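Below you'll find the structure, written out as structure tokens, and then a few comments.
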Amino acid sequence: MRNRSAKALGSLAMLGAAALIVTGCAAGNTTSPTGSATEAAELPATAWVRADAASVEDGGSLTLAVSSLPVQFNTNEVDGNEADTVDISELTIGGPFKIAEDGTPVLDENYATSAEVTSDDPQVVEIRLNPDAVWEDGTPITVADYQAFWAAQNGSNEAYTAASTAGYEDISSVEQGADEFDVIVTFSQVYADWQSLFSTVLPAAISSDPEAYNNGYRATAVPSSGPFRISNIDVTGQVVTLERNPAWWGETPKLETVLFKAVSQDQQGSSFANSEIDALYISANADLYQTAQTRSDAEVQTSGGLTWTHVTMNAKEGPLADVNVRKAVASIVNREGIAASANTPVGAPPVTQGDYIFMPGQNGYEDKALPYDPEAGASFLEEAGYTKDGESWTKDGEALELSITVPADTATNIQRSEQVQADLGEFGIPVELETVPAQQYFSDYVIPGNFEMVSFSWVGTPFPISSSEALYYPLDSESNFTGTTDDRLGDLYDQVNAELDPDARVEIAKEINDVIWEYVPMFPLAPLPNVYAVKDGLVNWGATQFETIDWTTVGWATS
């Protein structure tokens, strides 16, 4: 899985721009790791080749791969909010904000001349739309589109199968201000991540009709409001073609066409090697990394990523109900070694993660992780009442043994779990790997808490604070699989979600991070880097952690 835009992507559900998403697997490594972790290792937030517009050819085509054609072109509807569909649609949509290289939202003047909070109590946001912005048919984008879109997204009408109501359900009204390009958004409660909203908007005619919203765009493209429009959907040839949008009011795109070809994931490597596509998403797949080396006209780009691995411990019962046992496990597992195993085979430096909220590279990130320290682990176990008895740790005559549940045929998950098993086993804590069917991994094991330990991935967002809450609080949150929480988190999240000052929010988030490290319900391991192989000459597109792609400048560098 990957996240190449402000929208969060995942395998269980699509929860909108400000949501963390669970994902169970990534591309697998079959090459043995080499090298060791580097404590100061860092990756750039954006690794693509930058070029100003004057240095990009006028014209040309770009061919990219998706694993399958969309089954729904409305990315706001539950069936359409999916990785490949978002990748295709991002050329045709936009909103008041885009994401900068450092992960912060900045005004996108193509769509809005200003957007700001004009009142704190109640929270009121005023968006001044760019009057030049129009739909593909030339109709202006106005407050009427925002009003209808909010009504479709806020959950008040169950006829709409929206992928997410987050944020929209906290809006009490969307009204016209001075004119039809003046949007006044009033919130029923403070929503600090308001800039994540309205990253896409639909024409009022679509948003006002549940049938059109839900089913009208399963085989045809949603009207464009971006620099490109979908000109052809070839179901037989499995290709979606985009061309310059003649109604686009901004800078003319450099590329003339962009093609998305449906290529199964196991065939994308050979397609790239045969020059059938211009880029290849490698992720942590060592085989694809080696395949990319076979092209002499391509380079590998590596940036930080938003997907992060972890070990979640079930604190409901058993030995892991004791916080000191959880701290021991977190101290004994060598996170640096796990990072090296994942990253080194694809040429990426091993980077660990020690923050529960922010990703490395995001403003506010602090590594507060318990360091790899088996001696400290022994102290934690002794504090929990265990003593070393030969090769085992025992308490009340019973040896400490644990298990980790893994999905079958998922290479990276199994490899990571085996490393956890090895570290704990060498220390004297035997760990059994319990393999279960991959298709039931979440539904039958992770979600109901039928495990002692699990290790999967979460996908972060440029709006990490509010989106992280459900992982840790409350106890019965749909995303809190740990079986525990800390009541202090409720007040802290209330404070941070009601705080509109960005710097103050970061400081409260750091307090939250400190609290979670006190009771260690899980421990982050490493962020998965974004690794791409990109044909030489392609500029302003490639590996990036946060940054919104400016599709008007993507193209081929002039020679």
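Please verify whether the range 343-359 includes one or more residues that are in the same structural domain as residue 513 (by TED's automatic domain parsing), within 28 Å of residue 548 (Cβ to Cβ) and not in a loop (DSSP other than H, G, I, E, B).
Yes, the range 343-359 contains at least one residue that is in the same structural domain as residue 513 (by TED's automatic domain parsing), within 28 Å of residue 548 (Cβ to Cβ) and not in a loop (DSSP other than H, G, I, E, B).
Can you spot a residue in the range 264-272 that is surrounded by 19 or more Cβ atoms within 10 Å (Cβ to Cβ), over 24 Å from residue 414 (Cβ atoms) and outside the structural domain of residue 489 (by TED's automatic domain parsing)? Before the answer, list the steps.
Pass one, the range 264-272, residues surrounded by 19 or more Cβ atoms within 10 Å (Cβ to Cβ): 268-269, 272.
If we keep only those that are over 24 Å from residue 414 (Cβ atoms) as well, we get 272.
Subset that is outside the structural domain of residue 489 (by TED's automatic domain parsing): 272.
Checking the range 264-272: at least one residue is surrounded by 19 or more Cβ atoms within 10 Å (Cβ to Cβ), over 24 Å from residue 414 (Cβ atoms) and outside the structural domain of residue 489 (by TED's automatic domain parsing).
Give all pairs with beta carbons closer than 6 Å in which a residue from the range 235-255 that is more than 12 Å from residue 136 (Cβ to Cβ) and in the same structural domain as residue 134 (by TED's automatic domain parsing) meets a residue that is of a type outside the set (Phe, Trp, Tyr) and buried (at least 16 other Cβ atoms within 10 Å of the Cβ); count only pairs at least 6 apart in sequence or on separate chains.
none
Which residue is surrounded by the fewest Cβ atoms within 10 Å (Cβ to Cβ), if the candidates are limited to the range 428-475 and must be over 23 Å from the mean Cα position of the chain (by Cα), free of Cβ contacts under 8 Å to residues at least 40 places away in the same chain and not in a strand (DSSP E or B)?
448
Within the range 383-406, which residues are more than 16 Å from residue 313 (Cα to Cα), modelled with pLDDT of 95 or more and not in a loop (DSSP other than H, G, I, E, B)?
383, 387, 388, 392, 393, 394, 395, 398, 399
Within the range 172-182, can one find any residue that is modelled with pLDDT under 95, touching a helix residue (DSSP H, G or I) at 6+ places or on another chain (Cβ under 9 Å) and not aliphatic (A, V, I, L, M)?
Scanning the range 172-182, I find no residue that is modelled with pLDDT under 95, touching a helix residue (DSSP H, G or I) at 6+ places or on another chain (Cβ under 9 Å) and not aliphatic (A, V, I, L, M), so the answer is no.
Which residue out of 166, 162 is within 19 Å of residue 223 (Cα to Cα) and in contact with a Gly (Cβ under 8 Å, 6 or more places away or on another chain)?
162
Please list, ordered by residue number, the strands (runs of 3 or more DSSP E) wholly in the range 68-179 having 3 or more residues that are surrounded by fewer than 17 Cβ atoms within 10 Å (Cβ to Cβ) and out of contact with any His (no Cβ under 6 Å at 6 or more places or on another chain). Lay out the reasoning, then the answer.
Details: elements: 97-99, 105-107, 112-120, 123-129, 171-176.
The strands (runs of 3 or more DSSP E) meeting that bar are 112-120, 171-176.
Could you list, in sequence order, all residues of the range 273-301 that are surrounded by fewer than 21 Cβ atoms within 10 Å (Cβ to Cβ) and of a type in the set (S, T, N, Q)?
274, 275, 290, 291, 293, 294, 296, listed by residue number.
Just to check your reading of the model, which residue among 170, 145 is in contact with a Leu (Cβ under 9 Å, 6 or more places away or on another chain), among the acidic types (Asp, Glu) and either within 17 Å of residue 466 (Cβ to Cβ) or touching a residue at least 40 places away in the same chain (Cβ under 8 Å) (or both)?
On the way: 170 fails: in contact with a Leu (Cβ under 9 Å, 6 or more places away or on another chain).
That would be 145, the only listed residue that is in contact with a Leu (Cβ under 9 Å, 6 or more places away or on another chain), among the acidic types (Asp, Glu) and either within 17 Å of residue 466 (Cβ to Cβ) or touching a residue at least 40 places away in the same chain (Cβ under 8 Å) (or both).
Among 208, 196, which is the only one that is under 18 Å from residue 87 (Cα atoms), touching a helix residue (DSSP H, G or I) at 6+ places or on another chain (Cβ under 9 Å), assigned by TED's automatic domain parsing to the domain that holds residue 78 and touching a residue at least 12 places away in the same chain (Cβ under 8 Å)?
On the way: 208 fails: under 18 Å from residue 87 (Cα atoms).
Result of the check over 208, 196: 196.
Could you check the range 360-377 and list, in sequence order, the residues that are part of a loop (DSSP other than H, G, I, E, B), surrounded by fewer than 19 Cβ atoms within 10 Å (Cβ to Cβ) and among the aliphatic types (A, V, I, L, M)?
none
Within the range 505-559, take every residue that is of a type in the set (A, V, I, L, M) and at pLDDT below 95 and give me the one that is farthest from residue 461 (Cα to Cα).
Residue satisfying both the conditions and the ranking: 526.
Kindly provide the set of residues from the range 106-142 that are among the acidic types (Asp, Glu) and over 25 Å from residue 223 (Cβ atoms), ordered by number.
Across the range 106-142, the qualifying residues are 116, 120, 121, 126.
The values are calculated or read from the model by the stated rules, or taken from the named source; none is laboratory data. Quantities reported herein were computed from a predicted structural model and do not represent experimental measurements. Virtual Cβ from ideal backbone geometry, glycine too; neighbours counted across all protein chains shown.
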